[in-house]
Amino acid sequence: MILCTEAIKLKEEEKLFYSETEKELGCIGHLRGDFGKDGKEFWTTWFPHENHEKNDELFKTVFDNIINLCREKGNPLYNRGDMRAYCREHPECRLETGYSPTWGFRIPTKDYMLYLKCCPDVVGDYNFYCYAYDKQMLMKKLAEERGLPLYCYGYLPTTGEEIRIDFATNGYTPYRKLKSDKDVKEINREIGVTPAQAEAMKMGSMFGWNVPGVDPKNYDENGKLLPLNKSGKEER
């Protein structure tokens, strides 16, 4: 079975690999571990966080399944050597923080978001940390910090197909209206999404979530992009 990891989508996500996060972000807890002196052992400790009440049977099952998958040969928690090889294959996941070369992997599931921090060159200290978050709480908080909704609707420019755009997700999901003649602009209005937010969401899904066009403040009330100066900020 293939482990699906990816690089973080938002600059703000880098803080999610560390303990100091506010309750509203939905951190349930984190697993800390190392591979021992020979690099082939597996020692771990679990630390509950402020949302530890979400550590129910569903969470335990999902989290254990992912950690066990990570421990299969070729994946980052198999041993220190495989972690090192896995990290080197994903340079886009290298983090700017850390006292030694550090990689951070985002592991999305239906209900949770896991952030696996790997330190493959460390011997005699901890090699990995895996932070687990309630996905709904986390994405809602991060979206609010950006002034964006969790999701919105739009049209695919090439075909006019109706689509759903989810915050901090590349691409889109096809969307079919059920017994409704409303267009997506009206649906967005009903769920509280402004034209500026919808355009910013579309920009993020197409070009990445850290470009200036993802800020809804860079659009007028009709969703038209305002002129930007060379620094990427709206001209006043």
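A short reminder: the numbers here are calculations on the coordinates, not readings from a lab. Just so we're clear, the structure is a prediction, and the values are computed from it rather than from any experiment. Glycine gets a Cβ as well: all are built from the backbone with ideal geometry, and neighbour counts include every protein chain shown.
What is the list of residues in segment 138-157 whose amide nitrogen lies under 20 Å from a point 7 angstrom out from the Cα of L226, following Cα to Cβ?
144-149
Loop only by DSSP, 11 or fewer other Cβ within 10 Å of the Cβ. Give me the trypsin sites (Lys or Arg not before Pro) in segment 65-172 that pass, ordered by residue number. Present the calculation step by step, with values, prior to reporting the outcome.
Working: sites: R71, K73, R80, R84, R88, R94, R106, K110, K117, K135, K140, K141, R146, R164; in loops: R71, K73, K110.
Taking segment 65-172 and a limit of 11 other Cβ atoms within 10 Å, the loop trypsin sites (Lys or Arg not before Pro) found are K73, K110.
Name the most mobile residue of T61, T158, T97, meaning the one with the largest mean-square fluctuation, in a Gaussian network model of the chain with Cα contacts below 10 Å.
Of the options given, T158 has the highest mean-square fluctuation.
Considering the zone a paramagnetic label at K60 would reach in this model (a point 7 Å from Cα along the Cα-to-Cβ line), which residues of segment 118-151 have amide N under 20 Å from it?
Residues passing the 20 Å test: 130-135.
Under 10 Å, Cα contacts only: if you run a Gaussian network model on the chain, which one of D166, D220, D34 comes out with the highest mean-square fluctuation?
Most flexible of the set in this elastic network: D220.
What do you get for GluC sites (Glu not before Pro) in segment 118-194 restricted to DSSP loop and a cutoff of at most 16 other Cβ within 10 Å of the site's Cβ? The partial results should precede the final answer.
Numbers: sites: E144, E145, E161, E162, E186, E190; in loops: E161.
Here the GluC sites (Glu not before Pro) that fit, given the DSSP loop and packing criteria, are E161.
List the chymotrypsin sites (Phe, Trp or Tyr not before Pro) within segment 45-102 that fall in a DSSP loop (any state other than H, G, I, E or B) and whose Cβ has at most 12 other Cβ atoms within 10 Å.
Details: sites: W46, F59, F63, Y78, Y86, Y99; in loops: Y78, Y99.
Loop-located and lightly packed - Y99.
Label 7 Å along Cα→Cβ of E24; segment 130-147 residues with amide nitrogen under 19 Å?
133-147
Report the residue, chosen from I66, I28, I191, that carries the largest GNM mean-square fluctuation when the chain is represented by alpha-carbon nodes joined by springs under 10 Å.
I191
Counting only pairs 8 or more places apart or on different chains, how many lysine pairs in segment 11-139 have C-alpha atoms closer than 23 Å?
28
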